Amino acid sequence: MSRLVLTVLVCLTAIGARSASAENYPSRPIRIVVPFSAGGAIDILARVMAKGLTEDFGQSVFVENKPGASGNIGAEVVSKSAPDGYTLMVTASTLIVNPVIALNPPPINPLTDLSYISLLAKGPLLFIVHPSVANSVSDFVTKAKAHPEKYNLATGGFGAAGHLAAEDFKVKAGLSIPVILYKGTGPVFSDLVGGHISGILDPLSTSLPLAKGGKVKAIGITSLKRSPLAPDVPTLDELGYKGFEFYTWYGLWAPPNMPKEISNKLADALDKFGKSPEMQKWFMSRGLEYSGLRGQKFLDYAKADQTKQAEIVEKAHIQKQ
């Protein structure tokens, strides 16, 4: 048998095995790695997705938390796993922000070392302030420009959506106030309610309850359209900051070189689940909207967002850590 014929037979055998594997997928439990601690927004979304996939596939889909290093530990584990569809990852947009704000490069390149399965959901941030600080965004900006030493913004984590959104707003509003870094959103909320800090831009799902309780005042939102959950809160775009749009978003990733057949099977199952009336209501109640962008379109979205974040880091002169 010639070497050429042997090579062709080997390739055909491999293709056949791969197709059979994809056709039978999944035939055993699937692990979803969450690179952060249990109980947070990412973990909750992952467990809801796992439940939906379990029901659709008839196979157990479980969540495993691997926190540490701003999500990089769990992401590295996934990037080095077999691309067979049995190890997946749910995480947030911080994954693609890490490389542009970290002093030392992360262990993986999130744009090249992972397979992009589905952009699950995205949601805007609410601009909230202590009630004594300002009545509106224009009021906040006017006062902060007149007395920059008395005003500030805060964030629950370096490189988080709220951090970069605050820095972006500062640049576009021409403010010189500091953005105070906290370790966690809980302490930020405590100090904001106590009047020790001026304001914060934070995901709608966690900030809106405070505003509805009257403990803080919502003065703006970072989507281009008003949220049905907060119809009286104007967008920053309509307040004169044209094109100001900022979201925190969540996605599903897999190891690199994932077979397209398995990627599509996962994306199809998530699409059916995400578009169900029950899940649409669930997303809406948390200030999120299901996306469903998959594969290359999801990767293109991530690349564009990373470019945007890198520009913010540069314009705001954020020192990498």
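The values are calculated or read from the model by the stated rules, or taken from the named source; none is laboratory data. In this text the structure is predicted, and so the values were computed from the model without any measurement. Cβ sites come from the backbone with ideal geometry, for glycine too, and all protein chains shown count toward neighbours.
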Checklist outcome for this item: LEU181 fails exactly one of (1) closer than 30 Å to THR87 by Cβ; (2) modelled with pLDDT under 95, namely (1)
Checklist entry - Restricting the first residue to segment 165-184 and requiring it to be polar (S, T, N, Q), which pairs with a second residue that is assigned to a helix (DSSP H, G or I) meet a Cβ separation below 8 Å and a spacing of at least six or different chains? => result SER176/PRO148; SER176/LYS170
Checklist outcome for this item: Restricting attention to segment 125-142, the residues that are touching a Lys or Arg at 6+ places or on another chain (Cβ under 9 Å) and buried (at least 16 other Cβ atoms within 10 Å of the Cβ) number exactly 5
Item to check | Residue satisfying condition, being surrounded by fewer than 21 Cβ atoms within 10 Å (Cβ to Cβ), without any contact (Cβ under 8 Å) to a residue 60 or more places away in the chain and within 12 Å of THR91 (Cβ to Cβ), within set ILE73, ILE30 | outcome: ILE73
Checklist outcome for this item: Flagged in segment 293-321 as among the hydrophobic types (A, V, I, L, M, F, W, C) and either under 14 Å from LEU119 (Cβ atoms) or out of contact with any Leu (no Cβ under 6 Å at 6 or more places or on another chain) (or both), in numbering order, are LEU293, PHE298, LEU299, ALA302, ALA304, ALA310, VAL313, ALA316, ILE318
Checklist entry - Does segment 48-60 include one or more residues that are under 30 Å from SER276 (Cα atoms), at pLDDT 95 or above, within 25 Å of the chain's Cα centre (by Cα) and in a strand (DSSP E or B)? => result no
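Does segment 76-96 hold any residues that are over 15 Å from LEU119 (Cβ atoms) and in contact with an Asp or Glu (Cβ under 8 Å, 6 or more places away or on another chain), and which are they?
SER79 - this is the single residue of segment 76-96 that is over 15 Å from LEU119 (Cβ atoms) and in contact with an Asp or Glu (Cβ under 8 Å, 6 or more places away or on another chain).
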Checklist entry - Given GLN296, GLN309, which one is outside any loop (DSSP other than H, G, I, E, B) and out of contact with any helix residue (DSSP H, G or I) (no Cβ under 7 Å at 6 or more places or on another chain)? => result GLN296
Checklist entry - If ALA38 passes every condition in (1) part of a loop (DSSP other than H, G, I, E, B); (2) in contact with a helix residue (DSSP H, G or I) (Cβ under 7 Å, 6 or more places away or on another chain); (3) farther than 20 Å from SER115 by Cα but one, which one does it miss? => result (2)
